[in-house]
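The values are calculated or read from the model by the stated rules, or taken from the named source; none is laboratory data. Keep in mind that what you see is a predicted model, and the values were worked out from it rather than measured. Positions of Cβ are backbone-derived with ideal geometry, glycine not excepted, and every protein chain shown enters the neighbour counts.
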Amino acid sequence: STDIPAARDAIAHLLALPGGGIAYAAADPGWGRITPEGTLAFAPRPPGADFRMTGLSLAATEEGTRLRVTLRPGEAPIVFDALAGRLEPGGDGAGFLAARTGSGRLPVVDWRNSNRPKLGQIPLRLGEGEYARSLAILLREDGFLLGTDTHLRLFDAAGRQADALAVPGAVWGVTVAGDVAVAALGDGTLRWYRFTGGVLVEQAALFIQAETRRWVLWTPEGLFDHAPNGGQDLVGVLLNRGRAQNTEWASFQQAYRALYAPRAVHQRIAGDQAPARERMAQLGEVRGRIGQLPVLTGATACAVVAEECLPLPWDARALPEGTTALRLGFTVTDRGLGLGPLDVLVNDRIAARAVPGESRVEVPLDPGPNRVVTRLYAEDRVLFADGPMLTLRRPGEPEPAPDSGRLLVLAIGVNHYANPELNLRFAVPDAEAVAELLRAGAGTIFRETRITLLRNAEATRRGVLDALARAAEEAGPGDTFILYIAGHGIRTEPDNRFLFLPQDTRDTSGWAALRAQGIDDSTLVAALARIRARDAVLLLDTCHAGQLTMEQLSALGNETGRFLLAASSSVQEALDSYDDRNGVFAYALREGLRGKAAMDAEGRVSALGLGEWVMRRVPQLAREKQHHQDAVFRTAQRDLRSFPIAQVAR
């Protein structure tokens, strides 16, 4: 016999395969396959935390909203702030409390890795084959929590079980903060529970991808928040229709506009259930709608080479030599939600958008490898269905060397509107300042810098769309494109879309009038789809009359695949500015581009470094002026690849 190192943990299920060999599920978690010859084809490679050796060190602050945890043995601890939605270095652990496992009043013994734990001499009943893995005595010593392979169990001071909640993985660590418990599970998640009145109720779950530090935080209803560098594709909603029917799956990325609700998630963890209830009431039956998403299947595909288009199978892995684009045809099936636009993304950024009803599209490709992803939206553009995907390489062609391409900047600022009631003070100075900062910081990064600045009457609806069209004609894959917009941005009702108001906005009497004059997010996404620059950043500095929220701005990053850095202030905040020259957002950009943001050894500020600086800095600057303002920094890239946008002279 031969031992096969198939998994790090117990193997829960074996399945014989028709062609020979075995597939297996393990508690690592993950699955693997053994070949008919008895060799290991592949083993589970869980991307998340491994709490088996680190879970007992889990600690929380007294309100339970900040956690300190070690994701894997040998790594440094990290801190997750659930209210700020932020990962931080672990520090020295001050202010964090780990579980208390010893108490003279509650002497729980024989519990560690045992199936016969006791309270003194009183046996604590577990299921057959169920082993205890963690323990936390409640703060008032009126009970304790016992984490096992399959349950989180709540016992009173007499050893009677008050409640038990099934969990998706062994509870390797648990700690308490007031009436909140936090558990570190074998599936790599951290989960919050409340145990008011002797009943355990799950509040939220957190999954951190160990290597990339991408994370996603969600409630049992499916509302979620995610890391600035992505994470919305890591978790989703599964509809189990029973034995006889296929399941339906939608990642949070597909349901972003419906379920992305950071404020509601944070408040749920803090103990306020109302925002989550209100959001779910507004959404209606989201799960049922996921089951009705349209279906997108590949019909025809060919590779554009010179004047020809060579047929390409959908399972192709290589491109014909000289391919510049793909022409793709699809079959679409409406299952009750209507049909919206069809998007094609190349290397995680939008590259083409077909209008509703159109099922053919030509997609320009990048030099080197191309990962092509397709999406079809429902008619209301709230949910999208994933379509076929192609991963294509160019045989014999090496990876393209990094090219010091051009920096193309389109900066838009509107102070003086056709309707004077909309006038602002600092949008134009902000656009001018950001454009000049980018010009000055281009340094040796770019071989050329081109700035287009639209001020006031130049920034009409037609003027903005024409400038975006010129950028699309000009930009190539090796270029970097930065779009800065300063002016009024609002959230439309009842469909909750982002709408930028250009300079020629006059009629503000109703939504129909505003939509006709404004540039909505769908129009903006379609314009950005035509800009071929491999690297791009969207900088949105909008003010509003109380309607716009971070959810609408973040959705633009999710749908374009571009780095999005945005802030939304009230009209009063916009009129106040920060230093009588620029608003808070532009001031934070100025600081970051001049060297306050993280730099590499050559003094280069990256898009990622700038985004992280501005996201932290905007709330601080706003508080100095007695205002409340947040910034959002988001990307939807699966494989995060930052890029330099400025160089600081040293």
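Tell me, which residue of region 153-193 that is free of Cβ contacts under 8 Å to residues at least 40 places away in the same chain and in a loop (DSSP other than H, G, I, E, B) is nearest to Ala99 (Cα to Cα)?
Step by step, filter region 153-193, then rank; the result is Asp179.
With respect to the numbered conditions (1) surrounded by 20 or more Cβ atoms within 10 Å (Cβ to Cβ); (2) assigned by TED's automatic domain parsing to the domain that holds Ala181, which one is the sole condition not fulfilled by Arg277?
For Arg277, the exception is condition (1).
Can you name every residue in region 97-113 that is within 42 Å of the chain's Cα centre (by Cα), surrounded by 15 or more Cβ atoms within 10 Å (Cβ to Cβ) and either not small (Gly, Ala, Ser) or not in a loop (DSSP other than H, G, I, E, B) (or both)?
Listed by number, the residues that qualify are Leu97, Ala98, Arg100, Thr101, Val108, Trp111.
When you go through Glu591, Glu573 one by one, which is the residue that is at pLDDT 95 or above, of a type outside the set (A, V, I, L, M) and more than 24 Å from the chain's Cα centre (by Cα)?
Unique residue meeting the criteria: Glu591.
Which residue out of Ala567, Ala622, Ala601 is among the hydrophobic types (A, V, I, L, M, F, W, C), under 26 Å from Phe446 (Cβ atoms) and crowded, with 16+ Cβ neighbours inside 10 Å?
None of the others qualify; the one that does is Ala567.
Just one of the numbered conditions (1) closer than 24 Å to Asp225 by Cβ; (2) in a loop (DSSP other than H, G, I, E, B); (3) of a type outside the set (Val, Ile, Thr) is not true of Ala94; which one?
Status for Ala94: all satisfied but (1).
Yes or no: region 479-486 includes at least one residue that is within 18 Å of Leu553 (Cβ to Cβ), part of a loop (DSSP other than H, G, I, E, B) and assigned by TED's automatic domain parsing to the domain that holds Ser554.
No: zero hits.
What tally of residues in region 489-529 results from selecting those that are more than 30 Å from the chain's Cα centre (by Cα) and in a loop (DSSP other than H, G, I, E, B)?
8
Take region 26-53 and flag every residue that is modelled with pLDDT of 90 or more and over 22 Å from Thr2 (Cα atoms).
Gly48, Ala49, Asp50, Phe51, Arg52, Met53 - these are the residues of region 26-53 that are modelled with pLDDT of 90 or more and over 22 Å from Thr2 (Cα atoms).
Do we find that Pro294 is loosely packed, with under 13 Cβ neighbours inside 10 Å and within 19 Å of Val361 (Cβ to Cβ) in this structure?
no
Mind checking which residues of region 630-650 are farther than 20 Å from Thr444 by Cβ and either surrounded by fewer than 21 Cβ atoms within 10 Å (Cβ to Cβ) or of a type in the set (Val, Ile, Thr) (or both)?
Once the filter is applied, which keeps residues that are farther than 20 Å from Thr444 by Cβ and either surrounded by fewer than 21 Cβ atoms within 10 Å (Cβ to Cβ) or of a type in the set (Val, Ile, Thr) (or both), region 630-650 yields Asp630, Val632, Thr635, Gln637, Arg638, Asp639, Leu640, Arg641.
Give just the number: which of (1) in contact with a helix residue (DSSP H, G or I) (Cβ under 8 Å, 6 or more places away or on another chain); (2) in a strand (DSSP E or B) does Val372 not satisfy?
(1)
Could you check region 32-52 and list, in sequence order, the residues that are free of Cβ contacts under 8 Å to residues at least 60 places away in the same chain and surrounded by fewer than 18 Cβ atoms within 10 Å (Cβ to Cβ)?
Arg33, Thr35, Pro36, Glu37, Gly38, Thr39, Leu40, Ala41, Phe42, Arg45
Could you run through region 1-44 and say how many residues are closer than 21 Å to Asp149 by Cβ and of a type outside the set (Val, Ile, Thr)?
Matching residues across region 1-44 total 18.
Among the residues of region 341-355 satisfying the criterion of being surrounded by 17 or more Cβ atoms within 10 Å (Cβ to Cβ) and assigned to a loop (DSSP other than H, G, I, E, B), which is modelled with the highest pLDDT?
Pro341
Inspect all residues belonging to region 66-82 and state whether any of them is in contact with a strand residue (DSSP E or B) (Cβ under 7 Å, 6 or more places away or on another chain), charged (D, E, K, R), in the same structural domain as Val265 (by TED's automatic domain parsing) and not in a strand (DSSP E or B).
Scanning region 66-82, I find no residue that is in contact with a strand residue (DSSP E or B) (Cβ under 7 Å, 6 or more places away or on another chain), charged (D, E, K, R), in the same structural domain as Val265 (by TED's automatic domain parsing) and not in a strand (DSSP E or B), so the answer is no.
If you take the residues in region 363-395 that are crowded, with 16+ Cβ neighbours inside 10 Å and among the acidic types (Asp, Glu), which one is modelled with the highest pLDDT?
Once the filter is applied, the top-ranked residue is Asp386.
Output the number of the condition that His488 fails; it satisfies all remaining conditions of (1) crowded, with 21+ Cβ neighbours inside 10 Å; (2) closer than 17 Å to Arg530 by Cβ; (3) modelled with pLDDT under 95.
The single condition His488 does not satisfy is (2).
Assigned to a helix (DSSP H, G or I), under 28 Å from Leu424 (Cα atoms), among the aliphatic types (A, V, I, L, M) and in contact with a strand residue (DSSP E or B) (Cβ under 7 Å, 6 or more places away or on another chain) - does that describe any residue in region 628-645? Step through it out loud before you land on a result.
At the first step, the residues of region 628-645 found to be assigned to a helix (DSSP H, G or I) are none.
No - not one qualifying residue is present in region 628-645.
Looking at region 416-430, is at least one residue over 20 Å from Pro644 (Cα atoms), out of contact with any Pro (no Cβ under 9 Å at 6 or more places or on another chain), buried (at least 22 other Cβ atoms within 10 Å of the Cβ) and of a type in the set (Gly, Ala, Ser)?
Yes.
One line per residue, one yes/no per condition, for (1) at pLDDT below 95; (2) over 26 Å from Gly340 (Cα atoms); (3) crowded, with 19+ Cβ neighbours inside 10 Å:
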site	(1), (2), (3)
Leu185	no, yes, yes
Leu190	no, yes, yes
Gly198	yes, yes, no
Phe207	no, yes, yes
Gly231	yes, no, yes
Asn240	yes, no, no
Ala250	yes, no, yes
Ala258	yes, no, yes
